[in-house]
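Shown below is the structure under consideration.
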C-alpha cells in the first residue's frame with residue numbers, strides 16, 4: 001500500500017471514530033434537570049404527613065449542604081490538582097486560581113510519602129508525577145468518607161401549613177412529591193445562578209467528554225515511550241491498542257497537549273482543547289482576528305492614516321507577505337528554546353537551547369521595532385476597547401473533526417458574541433503543528449434556565 005493511500009485511510013478512520021456519537025450519552029450531558037423524588041409514595045389520610053415530610057426533607061438537605069459544603073470545596077481543589085498532574089499544567093502563581101491551587105498543593109509538603117524529589121517538583125510549580133495516586137486521591141477519599149458520615153437530624157419538625165390555606169382543609173388523597181434539581185452534568189448550568197461560570201473542573205469534564213468521543217481510549221498512563229534516531233531523532237509515545245499513532249506533546253506557552261501523528265510526522269488529530277487551559281493564547285488570537293476584520297473594514301476611516309501607521313498595522317495583522325510567517329517561525333523557536341532549557345539533560349543541550357533562545361529573541365525584537373507606531377498602537381487599543389467584554393466566557397468548545405474546533409464565546413449577558421473556528425495544520429517540521437483562527441457568523445445560543 002503506497003504511503004499517500006495509507007495516510008488517507010488512517011485519517012478517514014480517525015474521522016469516523018470522532019463522529020460516532022452516542023445519543024444516550026449526549027442526552028446525559030444536555031439534560032438541564034434531574035428529577036429526584038423527595039417522597040416516593042405517600043399513603044396518608046390527610047396532607048399533614050405529606051407537608052411535614054416535604055418540609056423536613058428540605059431541612060435535611062439544608063443541614064447536609066451546611067455540613068458537606070467545605071468538604072466539597074476541598075474535593076473540587078483536589079480534582080483540579082489531579083487534572084493539573086494529568087495535563088502537566090504549571091501552577092505558577094500568575095492568577096488567583098493558580099495561587100489557590102498552589103497553596104493547596106503546598107499543604108502536602110510534610111505528608112508521609114512525599115519525597116525530596118516531589119518537593120523539588122512542587123517548588124517548580126508542578127504537581128509531581130504519581131502524586132495523584134499516592135497523595136491526592138487518598139486525601140479526596142478521606143474527605144468523601146467524612147461526607148458519607150453525615151447524619152441528618154432525627155427530630156421531625158411539625159410544619160403548620162394550614163395557617164397558609166384559605167377555605168378550609170383540602171381533600172385528602174394519596175400524593176407523590178417530586179422536585180427538579182439542577183443537573184451537575186449540564187453545560188448550561190455553568191452559566192446561570194446554580195453554578196459559577198468559573199467552575200473549571202466541571203467545565204473541563206463536559207468539554208473533554210464532548211471532544212473525546214470516539215477517542216476515549218486515549219489514556220496517557222497506558223502509553224509507552226519510544227525513540228527513533230533515523231532519519232530524524234524523535235521521541236514519542238505509543239498506545240498499545242493503537243500502535244499506528246505516534247503521540248507527542250505540543251507546548252503552547254508551557255501548556256502541553258498531546259497530539260497524534262502518523263509515522264511520517266503528519267498531524268492526524270489535535271488534542272482536546274479543554275476548558276481554560278489554552279484560554280489566554282486562544283483569546284489573544286481571536287481578538288487579533290476581530291481587530292484585523294475591523295481594520296480591513298476601514299473602521300474609523302483608518303485608510304486615511306499616515307503610511308507608516310498603515311504599514312505598522314499591516315505588519316501587526318500579518319497582511320504583509322513573508323514578514324508575519326518569519327516572525328511566527330522565530331516565535332515558535334523562542335517557545336521551544338525556553339522549554340528545552342528547562343528540560344535540558346546535559347550542558348551541551350542547555351547551550352544549544354540558550355543559543356536558539358538568544359537568536360530567536362533578537363529577531364523578535366527587530367520585528368517589534370518595525371511594527372512600533374504610536375498611532376497604530378492606539379488604533380489597536382481602541383478596537384480592543386470596542387470589543388471589551390465580548391469574550392467574557394467560553395460557552396463551549398465543539399470538535400468539528402480531528403483538527404478543527406468551533407469555540408463559542410458569550411458576553412456577560414449570556415449572548416453569543418463570537419464564534420471562532422480553530423484549524424490545526426502541520427508545520428514545516430515533522431511532528432510540529434500550529435493553528436489559525438477564522439471568525440464565523442454568530443449563532444443564536446439559548447442557555448436554558
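Given the criteria closer than 25 Å to residue 428 by Cα, in contact with a helix residue (DSSP H, G or I) (Cβ under 7 Å, 6 or more places away or on another chain), modelled with pLDDT of 90 or more and surrounded by 13 or more Cβ atoms within 10 Å (Cβ to Cβ), does residue 272 qualify?
Here the answer is no, as residue 272 does not meet what is asked.
In addition: Just give me the residues in the range 411-431 being touching a strand residue (DSSP E or B) at 6+ places or on another chain (Cβ under 6 Å), free of Cβ contacts under 8 Å to residues at least 40 places away in the same chain and not in a strand (DSSP E or B), in sequence order.
Scanning the range 411-431 gives a single hit, 411.
Within the range 379-389, is there a residue that is touching a residue at least 60 places away in the same chain (Cβ under 8 Å) and touching a strand residue (DSSP E or B) at 6+ places or on another chain (Cβ under 6 Å)?
There is no residue in the range 379-389 that is touching a residue at least 60 places away in the same chain (Cβ under 8 Å) and touching a strand residue (DSSP E or B) at 6+ places or on another chain (Cβ under 6 Å).
Take residue 94 and tell me if it is exposed (fewer than 13 other Cβ atoms within 10 Å of the Cβ) and either in a loop (DSSP other than H, G, I, E, B) or touching a residue at least 24 places away in the same chain (Cβ under 8 Å) (or both).
Criteria met by residue 94.
Being assigned by TED's automatic domain parsing to the domain that holds residue 246, under 26 Å from residue 266 (Cα atoms) and in a loop (DSSP other than H, G, I, E, B): is that true of residue 398 here?
Taking the combined requirement at face value, the residue does not satisfy it.
Here is a yes/no grid of residues against (1) modelled with pLDDT under 85; (2) over 28 Å from residue 245 (Cα atoms):
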residue	(1), (2)
328	yes, no
365	yes, yes
418	no, yes
422	no, no
427	yes, no
430	no, no
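Could you please give the count of residues in the range 112-129 that are touching a helix residue (DSSP H, G or I) at 6+ places or on another chain (Cβ under 9 Å) and surrounded by 13 or more Cβ atoms within 10 Å (Cβ to Cβ)?
Number of matching residues: 9.
May I pose another question? So for the range 253-265 (the condition being buried (at least 16 other Cβ atoms within 10 Å of the Cβ), at pLDDT below 90, within 17 Å of the chain's Cα centre (by Cα) and not in a strand (DSSP E or B)), does at least one residue qualify?
Yes: one or more hits.
Picking from 76, 66, 139, which residue would you name as being at pLDDT 85 or above, more than 29 Å from residue 249 (Cα to Cα) and out of contact with any strand residue (DSSP E or B) (no Cβ under 8 Å at 6 or more places or on another chain)?
139
Within the range 362-372, can one find any residue that is surrounded by 11 or more Cβ atoms within 10 Å (Cβ to Cβ), closer than 30 Å to residue 411 by Cβ and either touching a residue at least 12 places away in the same chain (Cβ under 8 Å) or not assigned by TED's automatic domain parsing to the domain that holds residue 290 (or both)?
yes
Restricting to the range 432-449, and then to whatever is out of contact with any helix residue (DSSP H, G or I) (no Cβ under 7 Å at 6 or more places or on another chain) and not in a strand (DSSP E or B), can you tell me which residue is nearest to residue 246 (Cα to Cα)?
Looking at residues that are out of contact with any helix residue (DSSP H, G or I) (no Cβ under 7 Å at 6 or more places or on another chain) and not in a strand (DSSP E or B), I get 432.
The values are calculated or read from the model by the stated rules, or taken from the named source; none is laboratory data. All figures in this text were calculated on a predicted structure; none of them were measured in a lab. So basically every Cβ, Gly included, is an ideal-geometry build from the backbone, and we count neighbours across all protein chains shown.
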